[in-house]
Structure formats: structure tokens, C-alpha cells
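Here the structure comes first, spelled out in C-alpha cells, and everything after it is commentary.
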Amino acid sequence: MKNILLSIQNLQTHFFLDEGVVRAVNGVNLEIPLGETMSIVGESGCGKSVTAFSILQLIASPGRIVSGEIVFHRPNSDNVVLTNHKERDKRIRAIRGSEIAMIFQEPMSSLSPVHTVGNQIMESLILHTNLGKTEARLQVIDMMQRVGIPNPVQRFNQYPHQMSGGLRQRAIIAMALICRPKLLIADEPTTALDVTIQAQILQLMRDLQTEFEMSILLITHDLGVVAEMANQVAVMYMGKIVEQAEINELLTNPQHPYTQALLESVPRRGQQPKAKLKVISGSVPNPFEQITGCPFHPRCEEFSDGLCNQGDPPVPFQFRDNQHVACFIREKDKTQ
Amino acid sequence: MNKEPLLQVKNLKKHFPVKRGFFNQVVGQIRAVDGISFDLHQGECLGLVGESGSGKTTVGRTILRALSPTDGQVLFRSDDQSYDLATATEDTLRPLRKHMQMIFQDPYSSLNPRMTVFDIIGEPLLVNGVSDRSEREQRVQELIIQVGLKPEHIRRYPHAFSGGQRQRIGIARALALHPKLIVADEPVSALDVSVQAQVLNLLQELQSTFQLTYLFIAHDLNVVGHISDRIAVMYAGKLVELGTTDELFRQPKHPYTEALLAAVPVPEPRKSRNRALLSGEVADPANLPSGCVFHPRCPYVEDRCKTEVPKFREIATGHLARCHLAE
Amino acid sequence: MQNQTQTEIPSTPSSIISDSNTDKTSSYTASQWQLMWWKFRKHRIAVWSATVLLVLYLAAVFCEFLAPYSLSFQDTSYNYAPPQRLHFTSESGFHLWPFVYGLKGQRNPETLQKSYQEDLTQKYPIRLLAKGQTYKFWGLFKMDRHLIGVDSGGTLFLLGTDSMGRDLLSRIIYGSRISLTIGLLGVSLSFFLGLSIGAISGYFGGWVDDLIQRMIEILRSFPQIPLWLALSAALPSSWSALQIYLGITIVLSIIGWTGLARQVRSKILSLREEDFATAALLVGASQTRIMWHHLLPSFMSHIIVSLTLAIPAMIIGETSLSFLGLGLRPPITSWGVLLKEAQNMRTIAFYPWLLSPAVFVILTVLVFNFMGDGLRDAADPYER
């Protein structure tokens, strides 16, 4: 039995807009094991980022966590039920940025243009520890070195605009890791970067994960990045996890029709040139819409009338040892 | 395949002046495109790959004269005549424009939100002399069906459509004048994976239906490889390699291409995690390194790479690379 | 294989759009202005402000009819009369219809101040469409009906009177015609100047742009009020009321256009880089077409918003100039001219109602700003 660092139970985060209610996260169950990388993949609007923001209690109005429980199992300390605390609670603020840290997609907007990079990294260290300035500065320079920023002593006094995109992303990683978090939430950390730089950053994240023994929750749309990074993958569609599995299982033996189609629609090298790509027909439904039965049924190739479009949405069932699928058809096949 | 290429780009350059100070003095040049040459044949798809800042977008816009080139030739064949687009005046250019169109990256900013789909797709027709409204309407209906949307959609405004659907509208606009050449500038990179596949399939289908010639610009090697016959790799304003898709993927001749291929993450179970990673950052086009522009990042760098500028030479038949060491 | 994809592609993209939800479908075909209106409607304060503004402007249009007295009315026996109260109750009980008591003026023999008492024996019910002084509606039709009034013999000074015994409410209503329109006129002039100069600057660029930008910087570096003062002092005193009025609007808009011109220029510069403008160029559209069909409509809504926000500045400008005696002068009646009467401490101490035009100035400026706020939010309905 693995140790669990964070567990999410039946999370529902809804946004109450004039046009209606968007059920951005609609009943997500997820466990992040200690020291591993869990990845949430999905297309835009599937609720993957909202799940991450819900963990940190960073859901702003008109959004609200309607129900569910998120428990942070701290390795050498008591458990914290994150959902019991408000956004501005002291308890949450102490955890956010120190024990759970987050890095965002856009390297430029996560850094303030008017403060030096070094001071920005140092800020959270001073906020969460009682280190003196000189001591903190040394730690920051050490961390900058570790994330691969050359000449950290000079770079400490530079402003973000004096750095390249890759260096800025490294600075953001340094900022997230400075308090040695137990969980790092990375929301599309490399989407804005070029492939050669992306490869560097992914390598860096893997190295630091081993070094700091932290868990990573990686949120991305890129199945390639997931293959590089994750131990476990959860595929999300319309606010629900449709399939969750160990990474190699998912890549070689996907079960949910959505996962299958997603994997097949990516062009790959070595494929027959100019062959038709597999497509998922239609596009992601209107977020206000409530679909009865399986939310994927209007676009599903294996759709079976009377089975998929009725009643409550399917619940993930254990398909294999390390693979859960939320699909009526697979469930029926399995039980027969 | 015709012997005469549809498009011949010769030593194309586009430099942007860097201005500073109160009086806007020119203090330097950004060499976004720095001497690019390639041929493009009728019915072919040439992929142009590069990272951000490599100048690939500028190449596309300069060829179509959305930007004026600093130097070089862009020879375009139309009705058995050859025109140099690089030096053509706006008056010579206008009748030629209908033969070459562009598909844009951003499905949001490329459609005027204040115009209906009919007005957007109908604009090329209107400015090119189809003044009869019902005739335009009929043509727009045809186009909208060709790109997989519905005729009743033409009364709607762009905000009613998803990213993928907007991209289809952009494609319909590009097709409206029966162009020969289409420059597709990252047409799928803003789209979700499943929609990306839809649009790629559509582009392929249209190419075979209308014998289109594509210059397909993208940063994603897998996407480019999927649709292109040949691929040109760009780094810091220059082509570093050009070859057929198959050869380039199997036997990359330039260390940059090699690194690029290795860096692309693939959704397959990983075999080994440790690959040769490129160190350093993409070269700054305002301050290019001496010798081979790639030498500061190159794992095989030798002394002469730092001083001698390598030539873009043919290594194998139809396979060119800009590297001293390639053979 | 071919067949399968042929059927697949056309069916793919439309699933979310083909839902026959009439509400949604109408939003799909809604033009920019419709979307703006829908968004504006949600901004409640802005809608209220717009209503108030509408009422104010209607008052300006129908001022002859709405004002209980005509502009020429004066009765020195009622000078500095305080506002009369509307009564619903008297010794005879509750009245459904309001009335006023008669006014009795007495001069205090020591201070020689006049003081007014209500004459409880005289009751004058408020009459709708009362017959009063004759006036020429819009200077065209001879009429003698006023919206409200009292029977002859009584007085109806709801906001008091001034030194010459003129009804302040009537004068404020008349003044709104000048004060509210001078803003509109000034803004239209600024609009014309700003749009054309800004467009030239953004469109041609180069040295023309440099020249215009430096000129704007110089104009804007002058302190506003002294510049206004200097310019309006230069207006010949022999000018007629109408000429002064037009002169002042020109003075006000000489500074007003600069901000607008800058906005137009920067919008044109940034919009020219938008892909849809490039797309139009590539299909062979002429520069004029790109300008008129793509660039101008794209920032028209923003321009209208900044115009709305510029009107109150014009109103304040007129009020301050007239207050200082350098703007409009009697016999023209504007809010600024009215306020000029309340210039010294003594008047304010004894006759505070003379300040009531200021309330209207403040109200107008506030509602303009609130409405501008709502418009600004609505101006870009395509925000993602």
C-alpha cells in the first residue's frame, strides 16, 4: 500500500454565472501518492486547472467548491482537511507556498516586473520561515544554482525582463521549491516554452523531484509530456475523471474510448505519411449543458443507445490492477 | 510534377531595425530572416519548422508581402509568367494576391469579430470583383460546406464558434479565391488535440481536392512531419537543414535537427529517460553568434565552427544541411 | 476509408451549435451593438444613470414647458424668497393633491433684510398644465401652458428666487439647455478633430506622426484652466450671446481633442497588427477599405465611451469659466452663470438655495461617469 499525500474525495467546484452553472469539476476522486508524479490530462475546459486551484482553495467568486473533501496527509504531522478552510485562512496561507507550491503556465506573468528575481524567490522563504535576510539570501542563491540558473549571485539582482523564457521558468521553479514543498502543483509548466527548452525543464523537474522527495501534480494537455513525467495519469473530460491508470498501462492499453481517441489523434513519427488522423467527432459540449448518462456519449464511437445515454454518469470501476475506467460499455463487457 | 517550381525563394532577408532613444536612432538590426532559399513545387507541402524567434513566421509573411523584404527574391509563377514578389509594387501585387493566401495561427484575432461569417468569407470575393450579393452568397455557402460547417452558420458572428470552427472559417476565407499557394502559419497549434486532428485532416483533404501547394509553418515536428513532403528546419533566421520528411526523420544531418527530434515528447512508454539535451537558449537574432549560429549549443562543436560560417550544401540528393561536419 | 472520412468531417463541428435553443441562437447572430446593449443592461447603476440623464436631457429639450415661469419673469417684490414647501396637510386635514401657501414678505426694520412667511390663509393647489405666462415653444409656437403652476395671485418658487425675484427652478431648467448641450457640442467638435488628426497620425506615421504627437504634447503641457481663461478672455466682448456660446465650445474642445487623437492613433497602430487586418490586406483589400471596414468599427465603441466620459469635463469647464465670469454671461442662462450669483460668502450664508444649480452640476457629472463606467465594461463584448 502506497502512502498517500493528498486525497480528493468527490470534489465539486461550480461556477455560478449569469448564463447558468458551469460544473467545472463535477465529482473528482483522486489520490496523489507520496513522492510520485500524478498527472491530469484533458483538453481545454475539462476542469483540470480548476481541480488544482481547488486544492489550494484559490477559487474566486463566482466559483465555489460546492462539496467534497480534500485532505492533505502531512508526512510527519497531522492531517489537514483543506476544504474546511477559507481562501484567506491563516492555516491555508501557511500551507500554500510552503508545503504545497504551484507553478503556472505563463513565465512572465508569474513574476512581478518591478522586483528582482532574487527578492521574489526570497519573499516566500522569509514569509514562511524565521530566517534572517543574509541566511535567506544564501539559501536562495543555492536554490538558483540547483535549478540551473548560471551565475546565481549576479542573477539574484536581475529583473525578470533581463532573463530569457527558459531562465524565468527556472526562477519560478526555484520560487516554488524554496520552502521544500511536499507537493508541487505544475499547471502546464512547459506549454509556453520551446521544445528544446521544455526538455531541459522537464529533466530539471524530474531531478529535483528525486532530490527533494516531493510529489508532483502535473496538469497538461500534452500526452507526450505526460509520458515523460508521470507515474499515474488521470484523464479528465467535462469535469470528471474518465480513466485513471498507471502511465504505461494507459499508453499501451487505454480503455476509455475518449482516451483511446485522444492517443490516436496525435500525429506521430513513423506513422504512414499523410494517413488520416483519427478524430473525435464534434467538439467539447457547451459547459452549461448537462448530459444525461455518460458525458462523452454524444461523441463516442462505441455509443450504445439505451446504455450510455441514460441515468447517472458512469462511475470509475477497476478494470485492471492499476486501471480504473468510467465507461458503461467496458463495465458491461467486464461483467459478462 | 512541373519542372518549374511554383515558388522560388532566393536569399530572402528581413531585418528589423532596433530603435532607441528620444530621436529613435537605429542602433542595430534584428536579423529575423537572414538569407533563406528554397523551391516549392506545385502540389507540394513544405514544412517549415523552428522554435520561437527563429523567424519562421516572418518568412511566411514576407513571402506573401504582408511585410516587405529587406533583400532577396521571391519568384512566383502565374500563367507561365514569373513575378518577383519581393520587389513588386502594390499595384502589380494586388492581382497576384488571389493566387496566394494565408491561414493564421490565432483563430480569435484572425477573424474580425464585428463581421458575420458571410462578410468574412465574402470579403475576398467582394474586393476581387464579385459584386453581386447572391453570387457571393452562393459561393460562401459552397465554401462553408467544403470546410465542414453548415450553410446556416453564415449569418452568425465569430463569437458563436469554437476555436476549431473558427479555424475552419479562416480556411474557407483562404480558399475563396481558388489560390495556388497557401501559407499556413501554425494553423493547429492553438487547438486542442482532438480538434487539431480534425483540422489537419481537413487541410490534407483540401490539398488533394484543389491541388494546393502548402508552406506549412509550425513548431511541432510531429505535426509538420505528418502533413509535409519535405521539411525545412530554421534556426536563428537561417535554414539549417532541408530534406524529404522521411530522410530528415531517419537521418538528420544537422545537430540541431537531431536535438529537436530528440526533444519532442512522444506519448509512448518511455524507454530511457536520459537523452542528449541541448544546453543553453535559442540564439538572439539581435546578437547572433559568430561562425555557425548554432555553435554555442552544439554538442559536436569544433574550433572552425566558431569562426567559419558553414555553407548550406547538399549532403545527399535533395538533402541540404548547414554544418561543417555533416556528411 | 475515404467514404468514412467524407461523412465524418461535415458532421463534426456543428454539434454544439445546432441545438435549437432560440436564446442562444439569437446571441450567435447578435451584432456588436446588441451584445454591448445586453452587457450594459446588466450594469444596474449605469442603467439608472442613463435614465436620469435621459430625464435631464428631456428637461432641456422641453424647458419652456417644464419651467413654471418663463425666462423673462421677474418680480422684485419677491427677491431672495426661500424655497416654498409643498404641503399635503393643513388645518382642514389631509389633501390628496399638494398645495402651497401664499408668500408674505416683510422687511426687518433694523437689518433691512427681507423675510418671508407663509400666509396660512391663502392656499394655492398645484395645477397641472396650468395657464401661465406666454412663451414661444422652441421659439416657434406661442403657448401659455406650463407643466405645473398655481392660480394667479399665488407663487410657486420651489427652489426660491434670486436677487431680482426670478424663480431659480425655472432658471435651472432653462440653464440645463445651455449647460448640457455645450458638452455635447464641444465633444462632437473634439470627436471630429481627434478622430481625423489621430487617424492621420496613426495611418501615415513617420514625420507627420512625430509632428502631431509633439504638438499634442505641447498643447497638453499647458495647465488647462489658465489656457481656457486666456482663450476665453480673447473672445471679443462685442460678440452676441450665441457667438459667445459657440466660442466657448471651441475653447473647451481645443484641449479636448488631444486625448482622443492619441487614443485613435494607438488603436490604429495596434489594430493594424491584428491578423484580421493582415488577412484583409492579403485578399487584396485596399488601404481605405481596411481603414473603414476593419479598423474604424473596431474601436468606435471605445471612442464613444471616452466621449461619454469627456462630456462631464466639458460641463465642468463651462461651469467653471462662467463662474469665473469668463465664460457665458447674462442674459444667457447656464448653470455656471447661475452659480456666479452665489459667489460671495454673504449670499451663501443668507440665501443658501442659490447654490442649488451646483447640485444639478454634480448630479449630471456623476451620472455621466456612472454611465460611462457601464459603457466601458460593455464596450468590448468579445473579451475572452
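The values are calculated or read from the model by the stated rules, or taken from the named source; none is laboratory data. All of these numbers come straight from a predicted model, not from anything done at the bench. Positions of Cβ are backbone-derived with ideal geometry, glycine not excepted, and every protein chain shown enters the neighbour counts. What goes into the accessible areas is simple: the full protein's heavy atoms, side chains included, and nothing from ligands, DNA or RNA. Shrake-Rupley method; radii C 1.70, N 1.55, O 1.52, S 1.80 Å.
So here's what we get for this one:
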quantity	calculated
Evaluation of residue B:108 against (1) at negative phi; (2) outside any helix (DSSP H, G or I); (3) buried (at least 22 other Cβ atoms within 10 Å of the Cβ); (4) facing chain C (nearest Cβ under 7 Å) (one fails), failing number	(3)
Residue list for region B:129-163, filter: more than 17 Å from residue B:210 (Cβ to Cβ), open to solvent by 60 Å² or more (accessible area, probe 1.4 Å) and part of a helix (DSSP H, G or I)	B:133, B:134, B:135, B:138, B:152, B:155
Total residues in region B:56-78, condition outside any strand (DSSP E or B) and out of contact with any Ser or Thr (no Cβ under 8 Å at 6 or more places or on another chain)	9
Conditions (1) at the interface with chain C (Cβ under 7 Å from one of its Cβ atoms); (2) aliphatic (A, V, I, L, M); (3) more than 25 Å from residue B:57 (Cβ to Cβ); number of the one not met by residue B:143	(1)
Residue in region A:78-86 that is over 16 Å from residue A:30 (Cβ atoms), acidic (Asp, Glu), out of contact with any Cys (no Cβ under 8 Å at 6 or more places or on another chain) and in contact (Cβ under 8 Å) with a residue 12 or more places away in the chain present	no
Tabulated pairs, region B:143-164, first farther than 20 Å from residue A:281 by Cα, second open to solvent by 30 Å² or more (accessible area, probe 1.4 Å) and of a type in the set (Asp, Glu), C-beta under 8 angstrom, 6+ apart or interchain	B:154/B:137
Where a residue in region B:249-270 is away from chain A (no Cβ under 11 Å) and its partner, wherever it lies, is modelled with pLDDT under 85, with Cβ under 6 Å and at least six apart	B:253/B:326
Criterion (closer than 30 Å to residue A:193 by Cα and surrounded by 20 or more Cβ atoms within 10 Å (Cβ to Cβ)) met by exactly one of A:97, A:63	A:97
Residue ID - surrounded by the fewest Cβ atoms within 10 Å (Cβ to Cβ), chosen from residues in region A:180-197 that are part of a loop (DSSP other than H, G, I, E, B) and among the polar types (S, T, N, Q)	A:191
Residue within region A:20-30 that is exposed (fewer than 14 other Cβ atoms within 10 Å of the Cβ), of a type in the set (Gly, Ala, Ser) and either in contact with a Cys (Cβ under 6 Å, 6 or more places away or on another chain) or not in a helix (DSSP H, G or I) (or both) present	yes
Residues of region B:227-238 satisfying the condition of being closer than 28 Å to residue B:290 by Cβ and open to solvent by 40 Å² or more (accessible area, probe 1.4 Å)	none
Breaking point among (1) facing chain B (nearest Cβ under 10 Å); (2) touching a residue at least 60 places away in the same chain (Cβ under 8 Å); (3) more than 15 Å from the chain's Cα centre (by Cα), for residue A:196	(2)
Given (1) within 11 Å of chain A (Cβ to nearest Cβ); (2) closer than 30 Å to residue B:30 by Cα, index of the condition residue B:305 fails	(1)
Filter result (more than 16 Å from residue C:173 (Cβ to Cβ), open to solvent by 30 Å² or more (accessible area, probe 1.4 Å) and β-branched (Val, Ile, Thr)) within region C:352-366	C:362
Matching residues in region C:272-298 - criterion: being farther than 24 Å from residue B:182 by Cβ and surrounded by 21 or more Cβ atoms within 10 Å (Cβ to Cβ)	C:295, C:298
Failed item in (1) out of contact with any Gly (no Cβ under 8 Å at 6 or more places or on another chain); (2) in a helix (DSSP H, G or I), with residue B:296 passing the rest	(1)
Members of region B:310-324 that are free of Cβ contacts under 8 Å to residues at least 40 places away in the same chain and open to solvent by 40 Å² or more (accessible area, probe 1.4 Å)	B:311, B:313, B:314, B:317
Unique match (being at pLDDT 80 or above and touching a Pro at 6+ places or on another chain (Cβ under 8 Å)) among C:355, C:339, C:309	C:339
Residues that are touching an Asp or Glu at 6+ places or on another chain (Cβ under 9 Å), open to solvent by 10 Å² or more (accessible area, probe 1.4 Å) and not hydrophobic (A, V, I, L, M, F, W, C), drawn from region B:167-195	B:173, B:186, B:189, B:192
Count - residues of region C:335-351 that are under 22 Å from the mean Cα position of the chain (by Cα) and either over 16 Å from residue C:159 (Cβ atoms) or open to solvent by 70 Å² or more (accessible area, probe 1.4 Å) (or both)	2
Among the residues listed as A:201, A:172, the single one being open to solvent by less than 10 Å² (accessible area, probe 1.4 Å), part of a helix (DSSP H, G or I) and within 14 Å of chain B (Cβ to nearest Cβ)	A:201
Which numbered condition residue B:78 fails, given (1) more than 29 Å from residue C:299 (Cα to Cα); (2) more than 9 Å from chain C (Cβ to nearest Cβ); (3) modelled with pLDDT under 90; (4) open to solvent by 20 Å² or more (accessible area, probe 1.4 Å)	(4)
The listed residue being open to solvent by 20 Å² or more (accessible area, probe 1.4 Å) and part of a helix (DSSP H, G or I), out of C:244, C:182, C:200	C:200
Qualifying positions in region B:23-55 - farther than 29 Å from residue B:207 by Cα and part of a strand (DSSP E or B)	B:25, B:26, B:27, B:28, B:29, B:30, B:31, B:32, B:34
Residue count, region A:43-59 (criterion: small (Gly, Ala, Ser), open to solvent by less than 60 Å² (accessible area, probe 1.4 Å) and at negative phi)	3
Any hit, region A:301-319, residues being open to solvent by 10 Å² or more (accessible area, probe 1.4 Å), in contact with a helix residue (DSSP H, G or I) (Cβ under 7 Å, 6 or more places away or on another chain) and touching a residue at least 60 places away in the same chain (Cβ under 8 Å)	yes
Residue satisfying all of: in region A:247-281; in a helix (DSSP H, G or I) and within 8 Å of chain B (Cβ to nearest Cβ); surrounded by the fewest Cβ atoms within 10 Å (Cβ to Cβ) among these	A:252
Yes/no for residue B:241 being surrounded by 24 or more Cβ atoms within 10 Å (Cβ to Cβ), more than 7 Å from every other protein chain (Cβ to nearest Cβ) and touching a residue at least 12 places away in the same chain (Cβ under 8 Å)	yes
